[in-house]
1. Could you pull out the residue among V54, V17, V9 that is modelled with pLDDT under 95 and touching a Ser or Thr at 6+ places or on another chain (Cβ under 8 Å)?
2. Kindly establish whether T58 is surrounded by 24 or more Cβ atoms within 10 Å (Cβ to Cβ) and touching a Pro at 6+ places or on another chain (Cβ under 8 Å).
3. Exactly one condition in (1) in the same structural domain as V206 (by TED's automatic domain parsing); (2) touching a residue at least 40 places away in the same chain (Cβ under 8 Å); (3) within 17 Å of the chain's Cα centre (by Cα) is false for C77; which is it?
4. Test H190 against the stated conditions and say whether it is over 30 Å from F68 (Cα atoms), in contact (Cβ under 8 Å) with a residue 12 or more places away in the chain and in contact with a helix residue (DSSP H, G or I) (Cβ under 9 Å, 6 or more places away or on another chain).
5. How about segment 120-144: which of its residues are in a strand (DSSP E or B) and either under 16 Å from the mean Cα position of the chain (by Cα) or touching a residue at least 40 places away in the same chain (Cβ under 8 Å) (or both)?
6. Touching a residue at least 40 places away in the same chain (Cβ under 8 Å), over 20 Å from V26 (Cβ atoms), not polar (S, T, N, Q) and not in a loop (DSSP other than H, G, I, E, B), is that true of E60?
7. How do the strands (runs of 3 or more DSSP E) wholly within segment 154-273 filter down when requiring 1 or more residues that are surrounded by fewer than 14 Cβ atoms within 10 Å (Cβ to Cβ) and not polar (S, T, N, Q): which remain?
8. In segment 25-57, which residues are farther than 30 Å from E233 by Cβ and part of a helix (DSSP H, G or I)?
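The values are calculated or read from the model by the stated rules, or taken from the named source; none is laboratory data. All figures in this text were calculated on a predicted structure; none of them were measured in a lab. Using ideal geometry, Cβ is built from the backbone for each residue, glycine included, and neighbour counts are taken over all protein chains shown.
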Amino acid sequence: MSRETEGRVIGILDSGVGGLTVARKVMRQLPRETVYYLGDTKRCPYGPRSEDEVRQFTMEIIQFLLQFPLKAILIACNTATAAALRMVKQHVSLPVLGVIEPGARAAIKATKTGRIGVIGTQGTIQSGAYEQTLKRIHPGLEVHSLACPTLAPLVESGLHQSEMAEQIVGESLKPLKGTGIDTLILGCTHYPLLTDAIGKVMGDQVEIISSAEETAAELSTILHHQQLLSEREHPSHRFFTTGSPETFAEIAAGWFGFPVPVETAELVPVANP
């Protein structure tokens, strides 16, 4: 392993704290890799924004991360994956992964009836990215998609463990009750923080799918094939946010189980991404 390769890190980006669900899986599956994470909490959620805005924001984050010696970029945001993954791949000469295709593959493995539900932000659901990906792999699937615009803000505000969380989740998921789905894709990386509430609302007969595990496995495979796996004993992760470092650190510590130092990131506008 060359010193140059050894010093490179994995860049992970998200609209806020939700992508920490993916970062945690990456850190568990690849414990020797260093992760640099940026959550754009100041402008979260991305779901109600236009595709052009999401592309603009995504490229601003990419530009910020590229100041560091990256070996791969992981877009841990379903809305940004749907709107900007192809564009980022065209602009960056590094392995770039999104979370939609891994999540779709995991759901297809899990379903027994072929009836799959997808919940996500307004932008992700309107893009049709999950339904298109699912049916490209398995044309015979029955897919029920539902936008849940209130759930990501619930997580960003740190209320995902509050008493109101189950009530809000229950109201949001009402349209999926009675559809006969046996598998539900959490099409937003914020939603795994609401897994308990979602599981209670949907019942034991519905398997909950997060793309995080599958995405981390795919990243591991890519780094292995490209001989980019790290051998460092003690990786030193860094976490950045455009919003409140205190709020971010509180949510991150609850999710990781240890204190997370958080730095403030200043993003620079990108012309015509």
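1. Of V54, V17, V9, the one residue that is modelled with pLDDT under 95 and touching a Ser or Thr at 6+ places or on another chain (Cβ under 8 Å) is V17.
2. yes
3. (1)
4. When the stated conditions are applied, H190 does not pass them.
5. Listed by number, the list holds a single entry, G120.
6. Yes; evaluated as a whole, the condition is true for this residue.
7. 262-264
8. Once the filter is applied, which keeps residues that are farther than 30 Å from E233 by Cβ and part of a helix (DSSP H, G or I), segment 25-57 yields T41, K42, R43, E51, D52, E53, V54, R55, Q56, F57.
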